[in-house]
Amino acid sequence: MRLFGRKDADEGAGGPAEAIAGFWTWWQEARPRLDALLGAGDAEGVEELLTPAVAAIDPGLVYEVAPGKEAAHALVVTAAGDAELRSLAHRWAKAAPPSDLLWEFHPSRQANPQATELRLDVGEHVFELDKLMLGLRVPRNQPRVDVAAYHPIFGDLDDDTRMETTLLALDWLLGEDDVARWVGEITAVTFEPIDSVAAVHLPAVVADVASGYAEEEWVLLEGQTGTGAPLVATARHPLRPVDHPLFDQHIAITLPYAHRDENGLPVGDSLTALRDFEERLAARLLKLRDDAVLAAHLSAEGHRVIHVYADPTGDAAIHAKELIVGWEEGEPRVDVAADPAWTAVAPFLT
């Protein structure tokens, strides 16, 4: 049984932490009734019970009740691809009670080992995943697989329904998080692509692509600022918010430098000072590796901006403010803001 939450309920009045705590308090009280409804096969009753409770956390969250991996049932509360809500869903799951024989909890849809046996009613049609065919393309030197999905019923469906069905099928095959990590462009087509393969082969293709990015990598990029000045950046690769779902706090460290070339890029003593600062920052982040990650840094027009993403419940921002005290070339600053979609580093995301 799969139950999807509505997105039009009224939003709860408290903040996220209060809303999450309120949900789990409600869960302890409502669970006996919920268990009874599930035991009776009353899907409508389950929906009436769960929908307002999940919407009270945030009306944009989507939920479903699915078979569990270890427990009988899994309650999945997911952002459903909304990067702004991913950290909220993961905090909800982090606050969940321990799994037991009946229930486990997930902040994203999990891959189903029996995915190819699944069927879904889509209007007047039946979507059988074992009939789904995929055209797969792996762009050169890119950590992604582009997917063109075809199913015999797609010609009878509208565009939105085709895409919704395709996305759900990909979640069944890979799990929602791995879709976000490794699947690039997705299209739902009405004619079978040339050289298409059965959907069951997608996990193996993705695993092969992922094996090429097992080690931490950094890429050097060059470009221009909005005013046309030269810019040099170094970014983690791949760089994806889904890999750090609780890191929704953006910490921007801006360091002015005195020694620069005709293009405004650091040279000489300034370059040495910047490298020393980043080594000290990296040492602190290593101790905070469960709470923060260095995403990218860029230099242009006499300033280096270092982008760090962190769990706001941790101390990464405090460490950044402590580190800039020793900077001697101009007035450094640290700007801290909520950025769950990592918009500040959008050009570097993969």
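The table for this structure:
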quantity	calculated
The chain - mean residue ellipticity at 222 nm from DSSP helices (-39,500 (n - 2.57) per run, n ≥ 4, rounded to 500)	-10000 deg cm²/dmol
Label-point separation in nm, A346 to A30, each point 7 Å along Cα→Cβ	3.5
Residue (of A169, F105, T350) at the positive-pole extreme of the chain, dipole from beta-carbon charges	T350
Cα-based shape type of region 151-260, given that a ≥ b ≥ c are square roots of the gyration tensor eigenvalues and the cut on a/c is 1.5	prolate
Spin-label model distance (nm) - D42 vs L286, 7 Å beyond Cα toward Cβ	5.8
Spin-label model distance (nm) - K131 vs L220, 7 Å beyond Cα toward Cβ	5.4
Förster radius 41 Å - calculated FRET efficiency between D100 and I324, Cβ distance, rounded to 0.05	0.30
Ranked packing of 326-335, 109-118, most packed first, by mean Cβ within 10 Å	109-118, 326-335
Kyte-Doolittle at least 0.5, axis length at least 27 Å by Cα - qualifying DSSP helices, the chain	none
Amide H partners (placed H, <5 Å) of A111, local residues excluded	G175, E176
Lysine pairs meeting the criterion (Cα under 29 Å, 8 or more apart or interchain), as found in the chain	7
Computed lengthening from A337 to D208, 0.36 nm per intervening residue step minus Cα-Cα distance	42.8 nm
Segment E301-Q114, length gained on full extension (0.36 nm per residue, minus Cα span)	61.8 nm
Cα shape, the chain, gyration tensor, a/c 1.5 rule	oblate
Ranked by how many other beta carbons lie within 10 Å on average, peptides 216-224, 278-286 from highest	278-286, 216-224
Segment E279-R240, length gained on full extension (0.36 nm per residue, minus Cα span)	11.8 nm
Derived scalar couplings ³J(HN,Hα) [region 213-227; Karplus, 6.51 cos²θ - 1.76 cosθ + 1.60; whole Hz; x for Gly, Pro]	10, 6, 9, 5, 10, 10, 10, 9, 10, 10, x, 9, 6, x, 8
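Laboratory data are not the source of any read-out in this text; all were calculated from the coordinates shown. If you're wondering where the values come from, they're calculated on a predicted model, not measured in any experiment. All Cβ positions, even for glycine, are placed from backbone atoms using ideal geometry, and neighbour counts span all protein chains on display.
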